[in-house]
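Engineer: Have a look at this one before I ask anything.
Please treat every number below as a calculation from the coordinates, not as lab data. Quick caveat: nothing in here was measured; it's all calculated off a predicted structure. Here Cβ is always computed from backbone atoms with ideal geometry, including for glycine, and neighbour counts include all displayed protein chains.
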Amino acid sequence: MQPFTTMSGLVAPLDRVNVDTDQIIPKQFLKTIKRTGLREGLFYDWRKQKDGSQDPTFFLNQPRFQGATILLTRDNFGCGSSREHAPWALLDQGFRCIIAPSFADIFYNNCFQNGMLPVVLKADEVLAMMNDVLTTPGYQLTVDLGNQTVATPGNTHCCFEIDSFRKDCLYRGLDAIGLTLQHKDAIAAYETRRKAEAPWLFTDLR
Amino acid sequence: MAAQTLFDKTWESHVVRSEPDGTTLLYIDRQLVHEVTSPQAFEGLKLSGRRPRRPSATLAVPDHNVPTTDRTLGIADPLSAIQIRTLEENCRDFDITLFGMSDIRQGVVHVIGPEQGFTLPGTTIVCGDSHTSTHGAFGALAFGIGTSEVEHVLATQCLVQKRPKTMEIRVDGVLPNLCSAKDVILAIIGKIGTAGGTGYVIEYTGSAIRALSMEGRMTLCNMSIEAGARAGMVAPDEKTIAYIKGRPLAPTGELFEQAVRAWQQLTTDMNASYDATVALKAEDIAPQVSWGTSPGMVIGVNGKVPDPHTMADENTRKATEQALAYMGLTANMPITEITIDKVFIGSCTNARIEDLRLAASLAKGKHVAKTVHAMVVPGSGLVKQQAEQEGLDQLFKEAGFEWREAGCSMCLAMNADVLQPGERCASTSNRNFEGRQGAGGRTHLVSPAMAVAAAIEGHFVDIRTWK
C-alpha cells in the first residue's frame, strides 16, 4: 500500500449531508470483479442531467475542479452499503483525502484499507473551507498526517484526531493482513483455548 | 467482576490480543460471503499466495445478482453471470461451501445464515454486506465489512478493531394492532437519525422487543445500520434456542446442551451500564412510511409530508427540499394520499416465512389495484418451499401478486428487477436512497402489512383500521 505522509492538493466541494455509497457508486458498477477502473461510476447519477448528458453544474464536471485530490463534504459521508467500491471509485478519480465533519463507520474504515485518509474536522471549520473553496479558484489544502493538521491557504491549521494504530499503518503503508499474520501464534493459542470453552464453534460445517 | 453488557461479554470472549491504545485483534467465528463483495478478496489471496485459515467457518451464496424468474434460462446480463461464476470458481479453489443458484438452500445471505443454524448466539459474524447486523437478533456480534476485510478474515480469521461504544434502545409496552418490528426500527431511525448510532453497537431491550419473534428481531437488527450502528443485538432467550434447535448447521446432542448453558449467560448484567440509552413506548409507534431519500425521513401513516419552510436548520431544510424534489412530493400532503405504481415484498429485512404468512393472510380474497404491479420475492429457496407447502403462493397469485424465486431482487436492483424513472414503490426493503431500486425510482419503506394494503388500495392506508 502507498504510504500517506503529507499531501497538498486541489480541493473539490460536495456540499451535501448524508451522501450514501449508493450515490458514490451505483449498483450497476458493482458487477466488476476488479478494484480498478471504477472512476466511470463515481457519482454516476448526479453527474448526468435527465436527458443523459453531463450536468455542467455538478462539481466533478467543472473544469476548475479537474485534478482535485481532496474531497470536502458534509456530515455522515459514506453511509449505507459497505461496498468498498466507493473508496475504490474515489481513489480511481484521484481523491486520496476526504474531509468531513463526520463519516459513516464502515466507509471510514474502508478508506484506510486503501491508503486513503478520511479527516474529521469541526463543522464550522468545514463550513469555512466550503465557503472558501466555492469563492477561491485553485483553492488548495495541505494535509499533514504526521502532525495531524490541515493547513489552509491563509495558513490556518486545523487539527484532527486519528487512532494511533491506523495512523501508523497508513503513514508507513503497511500490509494489514501481513501485520495480523505476525500474531499467528496468538491466534492459534486463542483457538486452542476457545475450542476447550466452546467446542460447538469448531465443528466442521461442511 | 464488573457488571457487563451482552456486547461486553461477546467482545471479551473474542479478544486475541490488544494493544495499549485499545486496538484489538478480534477473533471472527463465522463469515458469510456473496458474489458482489468477494471477488477482489479472493483475488488478493491469490496474488499474495495466501489460503483461508478456516475454510469451514465460511459459507458462500450468490444473492445480489440472481434472477428471480426461471433460473433454467440462465442469467441475461453477462456481467452478473461472470460475477456468479467467479464466486463458484473461488469457492472451488479455496474449498469453501457454496449454496449455488440451483440449490434449494440458496437465498439472501442474511436469511440463510439463521435458517441453516450458521448464526449462533455469542459468536462474531461478518460479511461484506452492511446488513450483517441482522444476525445480532441471536445475540451475536455481527457487522458488515469491506472487501479488504473480507480478505483479512479469510486469511487470518481475525479483524483489527477498536472497541465501539454501547447504546441501549429500550422499547417497552405493546405494539398497536398489525404494527411490527419494521415499524419499530423505522420509528427508532426517525428518532435518532441515520447517524445516531454511529460508533455504537445497539442492544435492543424492553418488553416489546422480548415479545418479538425471531423473524421480528432479525428485521429490527437488520436496519441497525440505517441508524448508523454497525451492529445491533438482542439477548438470546427461549425463543432463540427453540429457533436454532435442529437446524442443519446447529450443534446437536450434548454439544447443543453445552452451548445452551453458555447462551443462557448471554444477558446484560443488572447494574451494567451503556454509553447511551434511548427509550420508546411501543403504544406510540404508528405504522411508518418513509417519504424521503434517507431512512430517517420517515413518519407515521397518519402524518403529512414535512414542510421544509418550517425547518430552522439549513442542512435539514436543504436535504428535505432535495428529497421532496426527487420523490415528486409536495409539502403537507397527507401520506395516505400518496399513490404507488409498484410493490416489492422481499429483502433481507422482510422476506422470511412469518413476513410472507402475514402478507398472504392480508391479501387473501382481495386483489391488487389495477394501477399497481406487485411482486413477492421470498428470502430463500427454503422459505419459498415452505410458503408453497402452506399455500401462500396461491393466495398471493390469486390476489394478483407475482410470486418469484429467492434473491435480493428489487431491494437494490442489481438483477433485472428494477424501477423505471419516476416509478413509485412501496417496499419492505431497507433503503430509500436516490436510485436505490433503479435510477429515478422512488422508494417508500414500509412493513409487509402496509405494503399489502398499499398494493390493494393503490395508495398508503392505515393498516390498524384497514378492512
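Engineer: Which residues in region B:435-467 place their backbone N less than 12 Å from a point set 7 Å from the Cα of A:Asp45 along the Cα-to-Cβ direction?
Structural biologist: Counting backbone N atoms under 12 Å from the label point, the list is B:435-444.
Engineer: Another one. As I understand it, the dipole of chain B uses +1 on the Cβ of Lys and Arg and -1 on the Cβ of Asp and Glu, about the Cα centre. Which of B:Pro114, B:Val160, B:Ser48 lies farthest toward its positive end?
Structural biologist: The Cα lying farthest towards the positive end belongs to B:Pro114.
Engineer: Pull out a ≥ b ≥ c, the square roots of the eigenvalues of the alpha-carbon gyration tensor of region B:51-163, then state rounded if a/c is under 1.5, prolate if not and a/b is larger than b/c, and oblate in the remaining case.
Structural biologist: Here region B:51-163 falls in the prolate category.
Engineer: Another question, if that's okay. Once every DSSP H run of n ≥ 4 in chain A is given -39500 (n - 2.57) and the sum is divided by its residues, what mean residue ellipticity at 222 nm do you get, rounded to the nearest 500 deg cm²/dmol? Let's see the in-between values first.
Structural biologist: Numbers: 8 runs with 67 residues, N = 206.
Rounded to the nearest 500, the figure is -9000 deg cm²/dmol.
Engineer: Rounded to the nearest 20 debye, what is the charge dipole size of region B:205-359 about its Cα centre when +1 sits on each Lys and Arg Cβ and -1 on each Asp and Glu Cβ?
Structural biologist: 320 debye
Engineer: Right, next: Report, ordered by chain and residue number, the aspartates and glutamates lying within cross-link reach of A:Lys122, taken as a straight Cα distance under 20 Å and ignoring same-chain residues fewer than 8 apart.
Structural biologist: Result set, ordered by chain and number: A:Asp15, A:Asp75, A:Asp105, A:Asp132, A:Asp144, A:Glu161, A:Asp163, B:Asp313, B:Glu314.
Engineer: Excluding B:Pro236 itself, what net charge comes from residues whose Cβ is under 13 Å from its Cβ, given Lys and Arg +1 and Asp and Glu -1? Intermediate values should be presented prior to the final figure.
Structural biologist: Numbers: positive: B:Lys9, B:Arg210, B:Arg217, B:Lys239, B:Lys245, B:Arg261; negative: B:Glu203, B:Asp237, B:Glu238.
With Lys, Arg at +1 and Asp, Glu at -1, the neighbours total +3.
Engineer: So, counting K/R as plus one and D/E as minus one, what does the shell of residues with Cβ under 13 Å around B:Val372 add up to?
Structural biologist: 0
Engineer: To continue, here is another question. What shape does the protein assembly as shown take by its C-alpha gyration tensor, where a ≥ b ≥ c are the square roots of the eigenvalues and a/c under 1.5 counts as rounded, a/b above b/c as prolate, and the rest as oblate?
Structural biologist: Details: a/c = 1.41, a/b = 1.07, b/c = 1.32.
It is rounded, given that a/c, with a ≥ b ≥ c, falls under 1.5.
Engineer: Would you be so kind as to identify which of B:Ser224, B:Gln264, B:Ile244 lies farthest towards the positive end of the dipole of region B:212-284, taking Lys and Arg as +1 and Asp and Glu as -1 on Cβ and the Cα centre as origin?
Structural biologist: It is B:Ile244, whose Cα lies furthest towards the positive end.
Engineer: Next question, about the same structure. Between their Cα atoms, which of A:Lys27/B:Lys384; A:Lys50/B:Lys191; B:Lys342/B:Lys366; B:Lys165/B:Lys245 are more than 28 Å away from each other?
Structural biologist: Cα-Cα > 28 Å for A:Lys50/B:Lys191; B:Lys165/B:Lys245; rest within.
Engineer: Another question, then. For region A:149-187, which trypsin sites (Lys or Arg not before Pro) are both in a DSSP coil and crowded by at most 10 other Cβ atoms within 10 Å?
Structural biologist: Answer in residue order: no site qualifies.
Engineer: Calculate the dipole size of chain A relative to its Cα centre from +1 charges on Lys and Arg beta carbons and -1 charges on Asp and Glu beta carbons; express the result in debye to the nearest 20.
Structural biologist: Roughly 560 debye for chain A.
Engineer: May I ask you to list the trypsin sites (Lys or Arg not before Pro) in region B:365-437 that are in a DSSP loop and have at most 11 other Cβ atoms within 10 Å of their Cβ?
Structural biologist: Numbers: sites: B:Lys366, B:Lys370, B:Lys384, B:Lys397, B:Arg404, B:Arg424, B:Arg431, B:Arg436; in loops: B:Lys366, B:Lys370, B:Arg404, B:Arg431, B:Arg436.
Passing both the DSSP loop test and the Cβ count: B:Lys370.
Engineer: Moving on. As an exercise, identify the GluC sites (Glu not before Pro) in region B:385-467 lying in DSSP coil whose Cβ has no more than 16 other Cβ atoms within 10 Å.
Structural biologist: Those that pass, being in a loop and sparsely packed, are B:Glu390.
Engineer: Tally Lys and Arg at +1 and Asp and Glu at -1 over the other residues with C-beta under 11 Å from the C-beta of A:Tyr139: what net charge comes out?
Structural biologist: After counting each charged neighbour, the total is 0.
Engineer: Once you charge only the Cβ atoms, +1 for Lys and Arg and -1 for Asp and Glu, what is the size of the charge dipole of region B:140-276 about its Cα centre, to the nearest 20 debye? Before the final figure, lay out the partial values.
Structural biologist: On the way: 13 positive and 14 negative charges, 24 e Å.
Around 120 debye, computed over region B:140-276.
Engineer: Can I ask one more? Which Cα, out of A:Gly37, A:Ile99, A:Ile25, lies furthest along the positive dipole direction of region A:1-103 (beta carbon charges, K/R +1, D/E -1)?
Structural biologist: Farthest along the dipole direction, towards plus: A:Gly37.
Engineer: Please report the antiparallel percentage of the DSSP beta bridges confined to the protein assembly as shown, to the nearest 5.
Structural biologist: 30 percent
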